[in-house]
Every structure is written in C-alpha cells, then in structure tokens.
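The values are calculated or read from the model by the stated rules, or taken from the named source; none is laboratory data. From a predicted model like this one, the values you see are computed outputs, not experimental measurements. Cβ placement follows ideal geometry from the backbone for every residue including glycine, while neighbour counts extend to all protein chains displayed. These accessible areas exclude ligands, DNA and RNA; they are computed on the full protein's heavy atoms, side chains included. Shrake-Rupley method; radii C 1.70, N 1.55, O 1.52, S 1.80 Å.
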Amino acid sequence: MFARLIATGLLILAVCGCQSTPTQPRAGSSAGVEAGSGDSIQALRARALAAGPARGAWLLVQVAQRELDSGDWRAASATLESVRPELLDELQQADYELARAEVLYRLGDRRAANAALAEVDPALLHDPTRWLLTSTLIGSGNDPLVDAEALMALRPDPAAAQRVNDLIWLSLARVPALRLLALRTSVRGDELGWIELKVQTLQSLTIAEQTRRLADWQARWPDHPANQLPPRPLQTLLAGSTGPATLPAQPRRLGLLLPLNGPLGRAGRAVRDGFLATYLEHARDLPFEVHVYDTTQQPLPELYERTLTDGMDLLVGPLRKEAVAELNGLQPDVPVLALNYLEPGVPAAPGLRQLGLAIEDEARTIAERLSADGRRNVLVLHDPEEWAGRALRQLYASWRDADDLRVTDQLLLDVRTVTESVGNAMLVSKSEERRSELERVLGETLEFLPRARGDIDAIVALVSNVEANALVPALRYHFADQLPVYASSQSVRGAAPSALSALSGFQICEIPGFVIGDGSYASLAAAFSLDGNPLASLYALGVDALRVGNQLPLLLAGNVDQLLGSTGVLSVAGDGQLRRELTWAVVRDGRLSAATAPALGR
C-alpha cells in the first residue's frame, strides 16, 4: 500500500507543478457549449439529445463526467457507450478518453483503465485536475480505502478541493461500514477525521441524532478539510446541525401495519414491540406520532383507506409478502416502507420501499466475503428448504461474472445421509472406484485409504443448526475438516451453547445487533430477554423499521448512503429495496464472537 502511495505522491507533485495557474479554454475547443454549473444531469442530457450530432456528443461526455462525480459508474458507462468519439475534436476526445478510463477503473478493469489513461494527453484536457484525480485513483489499486487515502494525501488548488472531497466521500461509501469502525483505532490525523465523519453518519438512529453527531464532529475537527468544504451529500446535514430548517421534510403521523393475530401474530407483535420500545426510548428526537393497525382485522384495501382518513403520511408495513404485493397494487398515495419484498421482477409503486430479512442479503454478503478472502474453488452444501434454494440462486447470481470461480453445489436431502452426501461432493467415491479398478486389474486386495478431492478451498453451508452439527463429523470423516466453512445465520439460530461448541471455527454471516453490540438493539434485548429467542431478528427488524422510517428522506436524497442498522448495514438499491450487508462472527467456546472484516471493499 505504501509503495503505491509513494508512487502516487511523486505523480501528484509532477502534475501539480505544471498547473499552478487556472486553465483557460483552449482555442478551437467547444468551451462555448459546455454545461453550466447549475444544469442537472437530466437537463444536460436533454440538451444533448436536442443538439446536433457533434455538439450532442460533447454534451454527453459532460453528462458522463457528472455521473462519475455523483458515483453512478454504470450510468456513466452507458452514456459513454452512446457517444460517437469520431464526432469529437482532439480536445474533446481527451476528455472522453479520461472519462472512459475512470469508468473502466470503477467497474473493476484496472488494466484497461491504465491503457485508456495512457492515451490521454493532460495538456489537451479542458480541466487537467480531472486527470490528476483519475490517475490518482487508478494508481491506488481497486481498494476504495486506498483510493480514499490517496485522495486525502492531495493538497489540491482551491478550485479542485470540492471535487477531491466529494471523491473521498464516494470512496469511503464503498468501504464496508464495519471495516471503517475497526479502523478508528489505527489511523491518525485527517484520515481519522474523515473516518470519524463517516462513522457518525452511519451510527445515528434518527435525523436529530445525525445533526447532533455532526455538530459534535465539527466542534472536534474545526480545521479538517471536510469541515472547511464539506462533501456535497453532507452539506444539507451539516447546515442542519445549526438548525432544522434545511433538513428534509419528515412524517408527522406514521401508521404501523402489522398482523397482530393469526398465524403471523407472534412475528407481527415482535416487530411492533421492537418498533415501539425504540420509539419510546428516542421519543424526544422523533417528530411523528405512531398509530398501530392490525392487518388481520379487515381487508387491506379498507385498512389502507382508513389510514388515509386518519391522516397518516407514512406507512410502515405490512409484514406478510402477499399483503405487500396487494398494497403495491393499490399504488399508494403516501410513502410506504414495506417489511417484506415483492416477487423478483414485480415493479414497485413509486413511493414504496422494501425492508426485510431476506436470505438473499446473507447470500450476497457471503459471496462478497469469499471474494475478499480470495476463495475461488467453493463447495456449497445446502438443504432442500425454500430459503436455501433462494440463497443458492443468489450466490450464483453474485458470482455470474467471476470467470475464474469454480463452484460445486451438493444437496443434503436428509440429516441421516449427510456423511454420504459430503462424500459424494468431495469425490471420495471416485477414489474408491479407482481402488476397485486396481484390485480388478491386479487380482488382489489392496490396503487403501480413500482420499478426498484437493481442489476445494472453502465450504459454504446453507443448512439448519441440526444439519450443521451433522456436518462437522462428516467433514472430518472425509478429510475436509481443515477447510474454512462460511455459513448462513440459520446454522446457529436456536442452537444451544453445547451445539454451538461443535461448530467451533465456523464463520457465520449474522446481523450486527447479535454480534457487535448495537446500542438500540442491546437495550431492547435486555428488556425483552431476547438471548436465544427465535423471534429476536424480528425485534431487530422493528428497530430498523423505525430507523429507516425516520431517515428515509436522507437516504433518498443521498444525504447519507448507508445506515448501520440492527439487521445490517442498510442502503437503498435502485429497485426500491433496502439492501442489508451483514457482519461476520466466528464460533468460539460455544458463542459468537465478532470476526475480522474482509480486507477489500465492496
């Protein structure tokens, strides 16, 4: 890391030495058709589509630059693909190639990014600072934390300082939140200030707490670059720390729609209790009153109309998957935070967002961890339950573009045949077949120790805690007990300490509230004696329903990009869903202990 930063520093010194004065528009350039600073991306794109071919191509390059500045790498890639570079003049082509280099880097192809960057002559650029920043990123090496560190080392001209701070913030957004928490004890100076600033936006439960935390950060870091010139997404919040007038509008009457009776009554009451207990604890920070509606008491369309009559301006729920689909079909007129998910491919109504405990979030987290740990040959052992099938499909979807990954999946049909199934997956039977063939050829009995395949470097277990306990001796019997095991939370949920002891060394994908002592969940767990409670994750969902319900305006406006919730690190995806990044625990001495975060960012 340090060698790369030293090389980057030398590059920076060389570039800064040749740009001490502001760059003027060059003769023959198309400076006259450049975007105005107040133009939105949408307005600029509309101008490009309405312009002639050559002028439109140059405006699209500027659209791509804006999309890169906002962190929308894929949109920038699509925009550049629509540009015909032969329509650009020599100066414009330099900007085009530089934008293409950054897109390639952001999408993970560092070699192609370096090749594209080599084609750029900085002297031809309208803004040589862009070359400085892009070359700094590409030189740092595909780890967003190293990107951020390299950018922090810059001492840019005042005209470039805002973009530098914005890029630092975008890079920090790509670093796993739990990794940032761990870094606070190992960094100093401005870097510590940046990480502390990011952590403050992650940990707050309410908007009011956000503003208090940020005001405290400003007081502790008065000379920090981010205090002097805040990243654009934070400017509203930092201004709001001195008064509420600039903050996004918040709901005043919140309707909580849950099943309080019937088959899902226990689950609904767990979410309700988690929500209301957290609401009462933080009531001074919350501007809304809460009304609870039992979704089992009347048809959902009637209940929805009732919430409108009662003046609700935000609905949280329902919990049942079919009810979420039904409410979505009503095209609700008020914002909705549903507590389950629509079926894949079903478009969400404009104001409907979805938060839940989807196993797909665990599968995505497992896939990311395997990649970060360099596991390329993976055996997935899964039971026949519906949740395991969904997790397996998500794993394959997450790995779709990984050309050098080899995956074997093995179904464990019955806990009584786990040993046989593991043997099949480890190809032990193939070893026995070779022994039989040799005995046949030689005509005598051979002393023989069967051998398992040696090409597997990790096991993923998508099984219940009963099956997980049966898995341990099966792996030992088939010479696979030294392989690292990455398991979903189902492997430990409901397990007694004695059963957990058998899983020593298993790495478990789990919600933060269970592992790292989330304050809001911890107080709830003590009040409701949730240790070992099979509904504990639903109480945690209630906490996060309140957290997101209050801070949804900030998430949607981009003022914050992630929240460290009780059920995961939460972020808004483009399909209306809130994604959860879970944390990692390792089983030691019959309990879960926080595990080391992955080395690389997402």
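Computed values, structure above
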| item | result |
| --- | --- |
| Value of relative contact order over the chain, rounded to a whole percent, pairs C-alpha under 8 Å and six or more apart | 12 |
| All-pairs Cα distance distribution in segment 53-108, expressed in whole percent, bin size 5 Å | 4, 24, 36, 21, 11, 3, 0 |
| Equivalent ellipsoid semi-axes - Cα gyration tensor, segment 181-312, angstrom | 39, 18, 11 |
| Net +/- balance of residues flanking Glu343 in space, Cβ distance below 14 Å, scoring K and R +1, D and E -1 | -1 |
| Axial C-alpha extent at least 27 Å, average Kyte-Doolittle at least 0.5 - helices from the chain (DSSP) | 536-557 |
| Along each principal axis, Cα extent of segment 504-600, largest first, Å | 45, 36, 20 |
| Cα-projected label distance for Gln410 with Val466, points at 7 Å along beta-carbon direction, nm | 2.1 |
| By average C-beta atoms within 10 angstrom, highest first, the peptides 508-518, 84-94 | 508-518, 84-94 |
| Ranking by accessible area, most exposed first, for Lys198, Lys321 with a 1.4 Å probe | Lys321, Lys198 |
| Per principal axis, descending, Cα span of segment 275-318 in whole Å | 33, 19, 11 |
| Relative compactness, the chain, computed as alpha-carbon Rg over 2.2 N^0.38 Å | 1.09 |
| Asp157 paired with Asp121, simple spin-label distance in nm, labels 7 Å along Cα-to-beta-carbon | 2.0 |
